[in-house]
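Presented below is the structure to which this report refers.
The values are calculated or read from the model by the stated rules, or taken from the named source; none is laboratory data. Just so you know, these numbers come straight off a predicted model, no measurement behind them. Positions of Cβ are generated from backbone atoms using ideal geometry, with glycine treated the same way; all protein chains shown enter the neighbour counts. What goes into the accessible areas is simple: the full protein's heavy atoms, side chains included, and nothing from ligands, DNA or RNA. Shrake-Rupley method; radii C 1.70, N 1.55, O 1.52, S 1.80 Å.
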Amino acid sequence: MHDTISTTVPPVSGPTLMFQEAAEAGAAVARMLAANGPAFAALGAKLRAAPPAVIVTCARGSSDHAATYGKYLIETRTGIPVASAAPSVASVYAAPAVQGHALCIAISQSGRSPDLLATVAAQKAAGAHVVALVNDATSPLAETADTVIALSAGVERSVAATKSYIASLAALAALVAEWTEDDTLRRAVAGLPDALARSWALDWSGVGASLQEATNLFVIGRGLGLAVAQEAALKLKETCGLHAEAFSSAEVRHGPMAIVGSGFPIVAFATSDVIGDASARLRRNLPRAVRSSVWPTRARRGGHPARARRQPRDRADPDDPELLSHGRCAFARARVQSRRAESSQQGYPYAMTSHAFVNGHIVTPRGILSAATIDVEAGVIVAIMDRATPGAVDLDGGWVMPGFIDTQVNGGGGVLFNDEPTVDGIAAIGAAHRPYGTTAFLPTLISDSALVIGEALEATDAAIAAGVPGVVGVHIEGPVINVARKGIHDAARFVTLDDTLMALLMRPRRGRVMVTIAPELVPADRIAALARADVLVSLGHSNATYAEATAGFAAGVTGVTHLFNAMSPLIQRAPGAVGAALDNQSVYCGLIVDGFHVDDAALRIALRARPADRMMLVTDAMPCVNTAETTFLLQGRPIHVEGGRCLGADGTLAGSDLDMARAVRNTITRLGIAPERAAAMAATHPAAFLGLSRDRGVIVPGKRADWVQLDAAFHPTATIVGGDLAATARSEPVPA
């Protein structure tokens, strides 16, 4: 839920810092998990070998709420008692800790609180093993701890612990999963980044609107949900000026309920376990005058991460028994209000435009609509109606899909990024791909010198600053790759990942930085350092063994560049990089679906082997896309374009002549994948991989108004960017 604006807090001119940072939660959790895989595994093994007699948590504020979650999770999974240490006992009273075999879990955003440090020091002196969950890995707490779990949440610009709190919950779940070797919980933890991104797409605005006139309220939770209720109450105080108090649903019916009357709101969180039923029972047992002010809200992909979850919907449904909304007015069926729409109602001068469609298929998270009206304000979707207004576009059986996102674009329109690592070069490449539905992309640099890599990084920053449409970052493919799997790359340009290149890649940038490496050539600590610096590390052009590839994933590799191509294959007794990728359930795999790079049968097998939301379409496009050219130069070598293939003189594939619309069409017609799933592979999944799910990847209120219109045969007819027509259909050089 985003910030609720109370009558005592002046309205803001856009999304607040807390809103923005909460939207980054999925990406923060992904970074945390990538950075700490080996630490979780090692600590889990240690705790299995020598279980502690007792566990002590040390934290304040939001971090202490996270510790409450950890208490319930650990006690229900291991039976070991967990107690919260009172920080002042050590810092003020100088009382010693009891000697014994204990585990001390300290949770902190800054890691610098004197009270917390004194308590940790006392526990360590008593023989406890200290585990620090801390956002600042250079803090005194991190220096003191025996095991450090870096929360990797990034700078907290609003209240002190938004991303850090959520990352702490995920870290505790990951720790317990490794400790207990619970594969179900492991899979749930691995899916948390995407689950958080999808939950952010839900429309919770009705709850916020219902609280705008409130001055006091209760927030209810129990068990694993109590920590969520505690944090929600704190955030309502800090950001909205509301007097909000958190209670367990088992306790609130006694003394606290005496002050509740008609119009006194109660927000109740329900986890997806037996405890969650307490929220519904609480509402049923209240007096009628109070009952209408209670909103039991089930965090469908939150709560206990190991439990089964429903299929996501784009909004909270008024008929869902898990959300009991006051008067059923908060989530009206006909119109889904977005956060930006609320802003405009407060008087912000944004012009509203509407786009209506009939007789087609509009792909949304809540299903395929045959007709729809999409309202756009300031480039953002603010509402969707599942009916068309007058003057609607007749799709004639065609499709509206979210704008495609391509993470591997070497060139287009006659421009190769290596030859023109400039703002103009990036703009030309983006313009060449836009008619084929690509609304966001990473210009991709093939293995080159550090000088050219630096130019590419700086040009991408400048292009984003200049507002070049579509560019959201840069992909550096090589030069730290294996000569045995070089493909068309020039081996003379290959280097090791030295300090100079590390510094270049890790420098803060305006957009996302993705780098393809061969993990067998890079030490694990260097991979982890890149991941901590928010660099997306992808395996590619690799001759890694299964063990080497798996170690790379554990160190922080989160992607696989063009699965199957330029990597060690799967053989029955040597699974290689391909086997490691197919066996892994969390990394994102790029697929080139052009009929040349990978056999259709291999692609179908891969799609069945892995989670559907971890596969994404890429083009690996070369300068020939959107031109009639049949030859081009790649770093001085002639490349011939023939029948949709780009070939070097020796017949080696040199990228592709593929655009994203044709990749989607091939996925549907050649692989037999449902259109809505193909759309997700081209938009939703790459948005999640890039950490851009907060504003891209689906057609839903609150997201950018980026989409592509296709005819009934899946040929593109128009591309919309920010609600405006950005490109119309172009004839394709090579028919599919």
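How do the pairs read when you match residues in region 594-612 that are among the acidic types (Asp, Glu) with residues anywhere that are outside any helix (DSSP H, G or I) and at pLDDT 95 or above, using Cβ under 8 Å and keeping only pairs 6 or more apart or on different chains?
Every condition considered, the pairs that remain are Asp594/Ser656; Asp594/Asp657; Asp594/Leu658; Asp600/Arg670; Asp600/Leu671.
Would you say Leu169 is in a strand (DSSP E or B) and closer than 19 Å to Glu24 by Cα? If you could, list the steps in order and put the result at the bottom.
Numbers: in a strand (DSSP E or B): no; closer than 19 Å to Glu24 by Cα: yes.
The answer is no for Leu169.
Taking helices (runs of 4 or more DSSP H) that do not extend beyond region 423-536, which have at least 3 residues that are of a type in the set (Gly, Ala, Ser) and crowded, with 21+ Cβ neighbours inside 10 Å?
Details: elements: 423-433, 450-465, 499-506, 524-532.
Per the criteria, 423-433, 450-465.
Please state which one of Gly391, Gly397 is more than 28 Å from Leu536 (Cα to Cα), part of a loop (DSSP other than H, G, I, E, B) and either open to solvent by 60 Å² or more (accessible area, probe 1.4 Å) or of a type in the set (Ser, Thr, Tyr) (or both). Write out each step before concluding.
Details: Gly397 fails: either open to solvent by 60 Å² or more (accessible area, probe 1.4 Å) or of a type in the set (Ser, Thr, Tyr) (or both).
Testing whether each residue is more than 28 Å from Leu536 (Cα to Cα), part of a loop (DSSP other than H, G, I, E, B) and either open to solvent by 60 Å² or more (accessible area, probe 1.4 Å) or of a type in the set (Ser, Thr, Tyr) (or both) leaves just Gly391.
Since Ile149 meets every condition but one in (1) in a helix (DSSP H, G or I); (2) surrounded by 24 or more Cβ atoms within 10 Å (Cβ to Cβ); (3) of a type in the set (Val, Ile, Thr), which condition does it not meet?
For Ile149, the exception is condition (1).
Report whether or not Ala554 is surrounded by fewer than 23 Cβ atoms within 10 Å (Cβ to Cβ), of a type outside the set (D, E, K, R) and closer than 20 Å to Phe689 by Cβ. Let's see the steps before the verdict.
Details: surrounded by fewer than 23 Cβ atoms within 10 Å (Cβ to Cβ): yes; of a type outside the set (D, E, K, R): yes; closer than 20 Å to Phe689 by Cβ: yes.
Judged against the criteria, Ala554 is a match.
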